[in-house]
Amino acid sequence: MKTGMIIYLVGDIPDDWNEDVAEIVKKLDIQTDAVEIVVSKTGGYDIHYAWWRLLTQGIQKVVCKLVLFDAPDNLTFTGKELRLCG
């Protein structure tokens, strides 16, 4: 079964932050087939759209994890996780 993860960034996001998916996957040691990133700031890209993008890539199981910056250049999981299904 192909698995995917939505990284939902919450909290204070540094202004100079670069949304490099490969770097985030490496820093957080994520082991999934596909990753989408959603930022808590207001905008058009949200969890629903990220979920849809993963499903269109053939992903059967999607998990959404909350991640925050505990320092300007350090990301950590909050321990909160959503299992998306439908």
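Quick grid of which residues meet (1) in contact with a Ser or Thr (Cβ under 9 Å, 6 or more places away or on another chain); (2) not polar (S, T, N, Q):
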| residue | (1), (2) |
| --- | --- |
| D12 | no, yes |
| W17 | no, yes |
| Y49 | no, yes |
| G58 | no, yes |
| K61 | yes, yes |
| L68 | yes, yes |
| T76 | no, no |
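Conditions (1) under 18 Å from K80 (Cα atoms); (2) within 13 Å of the chain's Cα centre (by Cα); (3) surrounded by 14 or more Cβ atoms within 10 Å (Cβ to Cβ), marked per residue:
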{"residue": "G11", "(1), (2), (3)": "yes, no, no"}
{"residue": "E23", "(1), (2), (3)": "no, yes, no"}
{"residue": "L28", "(1), (2), (3)": "yes, yes, yes"}
{"residue": "T32", "(1), (2), (3)": "yes, yes, yes"}
{"residue": "V35", "(1), (2), (3)": "yes, yes, yes"}
{"residue": "D46", "(1), (2), (3)": "yes, yes, yes"}
{"residue": "R53", "(1), (2), (3)": "no, yes, yes"}
{"residue": "I59", "(1), (2), (3)": "no, no, yes"}
{"residue": "V62", "(1), (2), (3)": "yes, yes, yes"}
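So for region 40-54 (the condition being of a type in the set (D, E) and at pLDDT 85 or above), does at least one residue qualify? So far as region 40-54 goes, yes, one or more of its residues are of a type in the set (D, E) and at pLDDT 85 or above.
The values are calculated or read from the model by the stated rules, or taken from the named source; none is laboratory data. This structure is a prediction, so every number in the text was calculated from the model and none was measured. Because the Cβ atoms are built from the backbone with ideal geometry, glycine has one as well, and the counts that use them run over all protein chains shown.
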